[in-house]
Amino acid sequence: MMESRIRWTAMFALVFAFGLSACGGDANGNSADEAVAKSVDAATEAVDAATDAVAEAVETIEQELPEGVTVEMVEQGKAIYGGPGICSSCHGPAGAGIPSLGANLTDSEWLHSDGSYDGVTKTVMEGVTAQASTSGVPMPAKGGTNISDDDVKAVAAYVWTLRK
Ligand code: HEC
């Protein structure tokens, strides 16, 4: 959506600029210069509009995320999930879960919290005891890794976005 809007705005600016320069250059010698100035104005306006569209789109995405969570955190969390957090080894590469091991993180069912961002963060921070685990297999705190608390917040943000 965002990309097509930018592309559309840029196309509009080009067509507008060409149209204006094509109209210039009549008997009055100044009109060509005027047309160029107008084209530059139009292009500047289009760039401003595109910049606004990008800012608006980022704002929309962030409004849909829990408070305090940014798009960068989600991106960082995705890298931790399949990397140093080793979450994918028990929850599968896409978070769909592995039978008798890690729970499905992509459904709307939450076994160990209310599924809120804070709830998911707490589960990742503390892990799940063998008694609490439906498979009897415990989840060690932070997946048994030494990722930082900020890494936990980022990976929890990513997990939060996996829900259906
Ligand atoms: C050693 C395997 C293992 C690793 C590694 C692991 N988990 Fe888990 N995880 C589990 C198990 C087991 C459960 C509990 C499953 C159950 O109750 O059926 C669980 C539960 C969870 C839950 C709770 C799901 C719910 O429905 O409430 C979340 C969230 C979660 N893990 C996220 C993560 C994240 C993020 C990482 C990486 C930092 C991670 N896990 C690493 C095994 C693992």
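The lone criterion from (1) more than 8 Å from the ligand (Cβ to nearest atom); (2) charged (D, E, K, R); (3) within 18 Å of GLY85 (Cα to Cα) left unmet by ASP114 is number (3). Residue-level check: of (1) near the ligand (Cβ under 6 Å from one of its atoms); (2) touching a Cys at 6+ places or on another chain (Cβ under 9 Å), ILE98 misses just (1). Inside the range 130-148, residues that are within 18 Å of TRP110 (Cα to Cα) and not in a loop (DSSP other than H, G, I, E, B) make up a count of 4.
Taken over the range 70-95, the criterion of being of a type in the set (A, V, I, L, M, F, W, C) and more than 6 Å from the ligand (Cβ to nearest atom) is satisfied by VAL71, MET73, VAL74, ALA79, ILE80, ALA94.
Taken as a whole, the structure leaves VAL124 outside the set of residues that are at pLDDT 95 or above and over 17 Å from GLY77 (Cα atoms). Pairing each residue of the range 138-154 that is within 18 Å of GLY102 (Cβ to Cβ) and assigned by TED's automatic domain parsing to the domain that holds ASP118 with any residue that is more than 7 Å from the ligand (Cβ to nearest atom) and among the hydroxyl-bearing types (Ser, Thr, Tyr), provided the two are 6+ apart or on different chains, yields C-beta distances under 8 Å for PRO138/THR129; VAL152/THR121.
Of the residues that sit in the range 101-111 and are more than 6 Å from the ligand (Cβ to nearest atom) and free of Cβ contacts under 8 Å to residues at least 24 places away in the same chain, which one is surrounded by the fewest Cβ atoms within 10 Å (Cβ to Cβ)? Selected residue: GLU109.
When THR134 is tested against (1) within 21 Å of THR161 (Cβ to Cβ); (2) among the β-branched types (Val, Ile, Thr); (3) in contact (Cβ under 8 Å) with a residue 24 or more places away in the chain, only condition (1) is not met.
When the range 117-131 is examined, which residues are found to be surrounded by 13 or more Cβ atoms within 10 Å (Cβ to Cβ) and more than 6 Å from the ligand (Cβ to nearest atom)?
Start the filter on the range 117-131 by keeping residues that are surrounded by 13 or more Cβ atoms within 10 Å (Cβ to Cβ), which leaves 117-128.
The answer is TYR117, ASP118, GLY119, THR121, LYS122, MET125, GLU126, GLY127.
For the range 50-78, filtering for residues that are among the small types (Gly, Ala, Ser), in contact with a helix residue (DSSP H, G or I) (Cβ under 6 Å, 6 or more places away or on another chain) and closer than 19 Å to SER116 by Cβ leaves 1.
The values are calculated or read from the model by the stated rules, or taken from the named source; none is laboratory data. Note that the structure is a prediction, hence the values are computed from the model and not measured. Note: ideal-geometry Cβ built from the backbone for every residue, glycine included; neighbour counts use all protein chains shown.
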